[in-house]
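Heads up: the structure comes next, in structure tokens.
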Amino acid sequence: STFLSLMTSTASEAASYEFTTLTCIPGVIEYKGANIQLLDLPGIIEGAAQGKGRGRQVIAVARTSDVVIMMLDATKGEVQRSLLEKELESVGIRLNKDKPNIYFKPKKGGGISFNSTVPLTQCSEKLVQLILHEYKMFNAEVLFREDCSPDDFIDVIVGNRVYMPCLYVYNKIDQISMEEVDRLARQPHGVVISCGMKLNLDYLLEMLWESLALTCIFTKKRG
């Protein structure tokens, strides 16, 4: 909420305690000629995927986003991050992952056709058949174009997974040691900030822009 209020003209209730935000609050940032909409969502608690704390509504909004900014308390280590990742993973949101390069097509007959264009170290033809049989599929065409795990293949079968970039933003870095700040900043997709002291917010905005990977199109006048 503090971040939304600082970066946009939107007033979102902010306080030093958790779960200040109870509803989805939108705000817009104008950056490099683009309008970027931020949605300040209520905090996710353990069991959100099962509906606790209006978790399903919150996660439904997150699934439609282009980027997830995971606001974390730097003073609490990795506890919040692992909990949030677990809840999002359980509802089919895959953070900072590309969609597995696997061709999969169910058929009406002909059995299971399995091929791969690369050496596989995590999956075998037998394992693929066992997984398909678990899902009551006995006729399908499968082509692995990269070395994927069994979980990746299951994601392809289910077909409702969402793959999106995520920035792990650690707030309140003014309350931890420089060694801990350095450790958090070096993590993949990690950004360290302090909303209270307005530290490193410009860098976060730049990282958000890069994660969106927008394509700029310049129009040309006729003639």
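Figures for the structure shown
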read-out	value
For percent of Cα pairs over 21 Å apart, calculated from these coordinates, the label among (1) 64; (2) 75; (3) 70	(1)
Sequence of Tyr170, Tyr163 once ranked by neighbouring C-beta atoms within 10 Å, starting from the fewest	Tyr163, Tyr170
Label point distance in nm, Gln37-Gln122, each placed 7 Å from Cα along Cα→Cβ	3.4
Rounded to 10°, Cα long-axis angle of helix 125-134 versus longest principal axis of the chain	80
Separation in nanometres of the label points that stand 7 Å from Cα toward Cβ, at Asn160 and Ser113	2.9
Over the chain: helical MRE at 222 nm, DSSP H runs n ≥ 4 each giving -39500 (n - 2.57), nearest 500	-8500 deg cm²/dmol
Overall form of the range 102-158 per C-alpha gyration tensor (a/c, 1.5; a/b vs b/c)	prolate
Net length gained if the chain between Leu130 and Lys105 were fully extended (0.36 nm per residue, minus Cα distance)	7.4 nm
Rough spin-label spacing in nm, given labels placed 7 Å along Cα→Cβ, for Met197 and Asp73	1.9
Out-of-range pairs (alpha-carbon distance over 23 Å; input Lys107/Lys136; Lys76/Lys198; Lys105/Lys136; Lys32/Lys220; Lys32/Lys97; Lys86/Lys126)	Lys32/Lys97; Lys86/Lys126
Measure of compaction for the range 119-217 (Cα Rg per 2.2 N^0.38 Å)	1.66
Potential extension, Asp147-Lys97 segment - 0.36 nm per residue separation minus Cα distance	16.6 nm
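Here, each number is a calculation from the coordinates, and none is a lab measurement. As the structure is a prediction and not an experimental result, all values here were calculated from the model. Ideal geometry is used to build each Cβ from the backbone, glycine not excepted, and the neighbour counts take in all protein chains shown.
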